[in-house]
Every structure is written in structure tokens, then in C-alpha cells.
Amino acid sequence: MTTTVLLALSFAFSGPEASAPEAAAPEGETTSTDAPAMAGDEGSDAPAEDAAAAEAGAASQAEAPSETDALPVVRLEQESERPDEGHPAAGEDVGPGPLRNSTKINTVSTRGGGQVGGKGWGFDFNGYLNAPMRLGINKHPDTNQTTLHAPLVPDDQFLSWQHTSHMRRSWSELYFSYGNDIVRGTAVIEAFNFTDVNWNQADAQLGIGQAYVSIAPRFRRVPVRFRARVGAFDNRYGMSGRYDLGEYETYIFGRTRAMGETMTLDIPIDKWTINLEHGFGVNRPDPSIHNTSRFSVLNHAHAGVDWNETVELNFHYLAAYAMEENRRGDLDTNLELGDRRGRMQVFGPELRINAKRAGFWYLGYSNVDMTNGRTIGSTIEVIHAQGGGNFTLGIVDNYLEGPQQQSNGDGAVHSVGFQTEQSFKKILKGDKFWGAGWDVRLTAYGMFNLIDSPDPDVDGTYKLKFGADLFYSALPWLGAALRLDRVQPHSDLPEQSFSVLSPRLVFRSSWLTREQFFIQYTRYFYAQRECTDPSDFYFCTQQAVTPVPPDGWGAPSLDDNRGGPLNLPDYDVITIGANIWW
């Protein structure tokens, strides 16, 4: 089992692996909103050698379990297969179609065949859900009476650099898999804004977001491990957390979104493991005439080395290209073909260290370089941005342009991501402590982004945010925590900065478990809550570049829908929520 993050996504579809309790995510912490597809089998560091290993290891590995796990806990009886006249198992007295003489319920898929060989075929199901009730409290701008609404805050848009983990929104993802320990097919259903308690927002019900087939053949004479996936899926690189994508819930190098293939090769040599990976795919953007992004092609390669499941050094390279012609309905058909061609490249190294008593450490540097970046779709999601110019959610609007929009989609962003996770009891007792007992945990994190752009309003400026989460695990069913973040979106405009403080209580069923219930109060501190001169809009706290519709702070009114409330950002927010992964 390797710890290389660049491979951690290869088998997110398999069931949880039993290992030591150290691998359990810290009490009071949630896995990210993409939990089942995150680092797991390659990201686990604890030895499997304790009486409590089974329970805690399952807690740590559910996000991306190993391909060698004991396969499905739930077994299906042999299905009624569709005979094929050319298949040896086809019935002699029936033609193609469901078996007419079977007493079982016949289910006929679009494609099928006769009986198959081998054992161990079965069904597996895992996933993640987060369900927070969020209540913003404010004063009416005219009457000064108390108002209640969906929170009006600057940090709750996932695809905005200002995002923090204080205001996570609802999210669910369900992974359905069928296969054995060599081959497996997986479909993923994803959604947010749950319809029984909200209106039915079609864009929030994402449906089957991923569907792919994976294979991991076994080699009898060599220890090399090979894995491949083909279909629609994501790979994730540059996750700063020990088991997930980190406290800022973003990727230093990128989450790929493409229909294509990825092949991974692990070569163990004594205590070392060399990891190689390559992928290729395509992405089709939203065809709206207001979306400048185009059909994009993705190519990415990764190499890393792991020593004794303790230290890993990885190098990443991802590139996306747009080379599409003009299309019917384009708002500007006068652009030359060269103006439609775009390029986006992301590259850099990362270091991950599991220092046992000294905790977990992550450090990564990435360079995002763009030419005509507005033409690149959501092929690469990186540092809180989706592609280059996917509407206003991409790198161009989040980093490269100021109010005058003078970048032409060109420029670069240099980013450094950092995170460390420490346990007081682990420091004292080392490997003797597996998490089943009281503890004090500290997670510290930060991100720095330096901008190189033709736009003079942002060229040479930097963005900086950092924070810490202190968690006291007091009883098997109770924990208390305090989170503090400082966010500085523009180095030349200190008026845009703000801080967030959130104390919370956490309830769970045991020391090591998969779920948590929490009550949280959040207080915002703004350097300049309101712009004194309406014409100087940039000299105060900013809304997200693309506010979350329809009621996020600053959300516009579109398509006959009401927008966000007309008010300044909230000082106070109350959250009651629960989440679980399996």
C-alpha cells in the first residue's frame, strides 16, 4: 500500500479496508464533500496490527479503499443472464432475450451475455452526505429590525478563492459499484440543495456525474501493480489533508473532469515505491452563448516516489487545450481562429510526510499558466477555480483580472499550499495511541497565491489566507472545537480582508466513528463591511466573483427568479448539521 496522493483516486469505488485506528479521521472533523473519491488506500499510514484495527481502519479508508479489499459485503445471487446465440452458455431451446423458464425476476440490460466465469462478483455501495441547516442573522437596512435568511457571507462559494470551511453547503454523493477484485463498474449520483426542503433546482440535481469501469490485473511473478480506469471520472492531485482534500477543500494541482482514461503503475523496490500515472480525456462545456469556454482536451502525467509509507515526493503536470472552431450562435463571430485556441498548464512538486509523533505535514507548490484561458472549460478544477473561463468560475475571473478586465485570459498564478495535523496524545504515546480516548488535536493550514497578469490592477499582487482548527475530544460521544480563519483577498486592498471565528459542539456515537452531529455559531469580522463611497466598490469586503444563486450574498436576479437579499454581509450565523461517510 503506497501513500502517493496522485494514485489515491484510482480505486475510490472499492469497499473500506480494515487497518489501524490511527487512520480514522479526527473526531469532530468531516471528510470533504467528495469523500468516497479521496485518498484512502494509498493515503493510509498506520500499520494493521492492533485489536481496534478493524473499526478504525474502516473509518479511515472509506473514501478511497484499496483495490485488494475483501470485496462486497453484500452478495447477489446469480442473475438471470441474457443468453446469446453465440455464447456457450446460451439455452438450447430459447433465443436471445431473458430466460423464459426461470422462476427468478428477469432484468434485461441494454447489453449483456451468457453465464460468466469466476467468483466474487458482487455489489458495493458507499458515499458521503452533508446536511447543514444554516441561519443568517442581520438587521433590516431601513427599519433596523432583526432579519433571518440564508447566510449572506463572503466565503460560502466553493468555486471562489474566499472560500473557507466555516460555511459548508449541503452535498451528497452515492457510489454504486458492481464487480470483483479485478474488474469493477461504478456509477456516481451527486446532488445538493435537497428538494424536500428546497425548491427543485434542476442544476443542483447532478444525476449520474461519473460512470466508469476499472481494472487491476494481478501479476503472479512480479510485485508490480497496474490499474486503469476508462469512462467519465475524476482524478485528484494536490490534496493537502491526510485523508481528504484539506481544510480549504481545494486542489493545489487539480481535479480532472474528463471522459477518457487513466493508467497507473506502482513499482515497489525494497522500502521504496515508484509511482507513475498518465491520463487523457476530453470535456464538453456548457453550450450557453454566455460561456466562452470550448471543447477541451486534457493530458496529464505524474511521477512520485514513496519511502516506507512515511515520506512521498510527487511531481504533477496537467495540460488542457481548446482548439474548436466558431459555432452557430456565437456572440462574437469576428474572432480569428487563433483567438479561439487556448492553453492551460499546471505543474509543480508536493511533499507529504507522516512523521508519527510529529504528526502529518503537507507542502505543495503549483504554477498555473494560461494563454487565452477563457476558452478552457472545467477540465481542470484547481485552487478554487473551474478551468480557465467556465462562465466566471475560472482562473481568469478569480485571479487574472481586475475591474477593467485587461488580461485577455493570459497570465500565471504561483501557489503554495500548507497543512499540518497534530495530536497531543500521539505526541505523548506514539503508536500506542490509536484515537480511542480523549485527545487534543490541532490542524493548521494556509494558502498563498502570487499573480502574474497583463492586467495592471492585479499584476504583482498576492492573496493569502490561513487558519487553525483546535478540537478537544472529551468523551466518546462529545467533542468541542474552535476554528479561526484570516482571509486577505488582495494585498493592495486591505479593506477587503475579513476573519471568521466558529466555536462548535460535536456529538457522535463513539471515539472512532463515521458520523457527526454538530452545533456551530459563526462570527464574522470585516476590515470594511461597507464601501463608504458606492463608486469605490472595491474598497470593502467583496462578494464571491460568482455568488451562489439564488440567495447567496450578491446573487443577481436571473430568469424571473429573485436574487439575494439586499443587505450587507452577516455578522452572525448559526449552523446545525450532520454528516456521515460509508
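The values are calculated or read from the model by the stated rules, or taken from the named source; none is laboratory data. Note that this is a predicted model, so its numbers are computed, not measured. Using ideal geometry, Cβ is built from the backbone for each residue, glycine included, and neighbour counts are taken over all protein chains shown. These accessible areas exclude ligands, DNA and RNA; they are computed on the full protein's heavy atoms, side chains included. Shrake-Rupley method; radii C 1.70, N 1.55, O 1.52, S 1.80 Å.
Just subtract the alpha-carbon distance of Leu566 and Ala131 from 0.36 nm times their residue separation and send over the number in nm, one decimal.
Gain in length upon complete extension: 154.0 nm.
Take the Cα radius of gyration of region 360-491 and divide it by 2.2 N^0.38 Å, with N its residue count; two decimals is plenty.
Computed over Cα atoms of region 360-491, the ratio equals 1.39.
Please work out the FRET efficiency for the pair Trp307 and Gln201, using the Cβ-Cβ distance as r and a Förster radius of 41 Å; give the result to the nearest 0.05.
0.30
Would region 470-510 count as rounded, prolate or oblate if I go by the C-alpha gyration tensor, calling it rounded below 1.5 in a/c and otherwise prolate when a/b exceeds b/c, oblate otherwise?
Values: a/c = 5.39, a/b = 5.10, b/c = 1.06.
Taking the square roots of the gyration eigenvalues as a ≥ b ≥ c, region 470-510 is prolate.
Given H placed 1.01 Å from N in the peptide plane, which residues other than close sequence neighbours of His149 have an amide H under 5 Å from its amide H?
Amide H to amide H, under 5 Å and 5 or more residues apart or across chains, His149 pairs with Gly136.
Apply the Karplus parameterisation 6.51 cos²θ - 1.76 cosθ + 1.60, with θ equal to phi minus 60°, to every residue of region 315-322 and state each ³J(HN,Hα) to the nearest whole Hz, in sequence, with x for glycine and proline.
Once rounded to whole Hz, the list reads 10, 10, 9, 10, 9, 10, 10, 10.
Largest first and in whole Å, give the semi-axes of region 538-582's equivalent ellipsoid, each being the square root of 5 times a Cα gyration tensor eigenvalue.
One finds semi-axes of 24, 17, 11 Å for region 538-582.
At 0.36 nm per residue, and after removing the present C-alpha to C-alpha distance, how many nm does the segment from Gln405 to Ile215 gain when stretched out fully?
Answer, rounded to one decimal: 63.8 nm.
Would you kindly calculate the translational diffusion coefficient of region 434-490, applying Stokes-Einstein with the Kirkwood radius from alpha carbon pairs, for 37 °C and a viscosity of 0.692 mPa s, and quote it in µm² s⁻¹ without decimals? All intermediate terms of the calculation are to be shown ahead of the outcome.
Working: Rh = 14.0 Å.
Value of D from the Cα-based Kirkwood radius: 234 µm²/s.
Sequence-distant or interchain residues sharing an amide H contact under 5 Å with Ser293, placed H: which?
Phe391
HN-Hα J couplings of region 480-492 from phi, Karplus 6.51/-1.76/1.60, θ = phi - 60°, integer Hz, Gly and Pro as x?
Ordered by residue, 3J(HN,Hα) equals 9, 9, 9, 10, 9, 10, 10, 10, 10, x, 8, 5, 8 Hz.
Indicate the gyration tensor shape class of region 272-318 (rounded, prolate or oblate), computed on the Cα atoms with a ≥ b ≥ c the square roots of the eigenvalues: a/c under 1.5 is rounded; otherwise a/b larger than b/c is prolate and the rest oblate.
Values: a/c = 5.36, a/b = 3.57, b/c = 1.50.
Prolate.
What is the sum of charges around Val500, taking Lys and Arg as +1, Asp and Glu as -1, for the other residues whose C-beta is under 9 Å from the C-beta of Val500?
+1
³J(HN,Hα) across region 292-306 via Karplus (A = 6.51, B = -1.76, C = 1.60, θ = phi - 60°), whole Hz, x for Gly/Pro?
Working through the residues one at a time gives 7, 6, 10, 3, 10, 10, 10, 9, 8, 9, 8, 9, x, 9, 10 Hz.
Under a 1.4 Å probe, what is the accessible area of region 249-389 per residue, stated in Å²?
Counting only protein heavy atoms, the per-residue value for region 249-389 is 43 Å².
For region 152-310, rounded, prolate or oblate, judged on the Cα gyration tensor with a ≥ b ≥ c (square roots of eigenvalues), a/c < 1.5 rounded, else prolate if a/b > b/c? Please list the in-between numbers first.
On the way: a/c = 1.88, a/b = 1.60, b/c = 1.17.
It is prolate, given that a/c is not under 1.5 and a/b is the larger ratio.
Carbon and sulfur together cover what percent of the accessible area of region 428-582 at a 1.4 Å probe radius?
Whole-percent figure for carbon plus sulfur exposure: 63.
If amide H atoms are built 1.01 Å from N in the plane of the peptide, which residues on other chains or at least 5 residues away come under 5 Å of the amide H of Gly564?
Gly554, Ala555
Provide the per residue accessible area, probe 1.4 Å, for region 391-438, rounded to a whole number of square angstrom.
42
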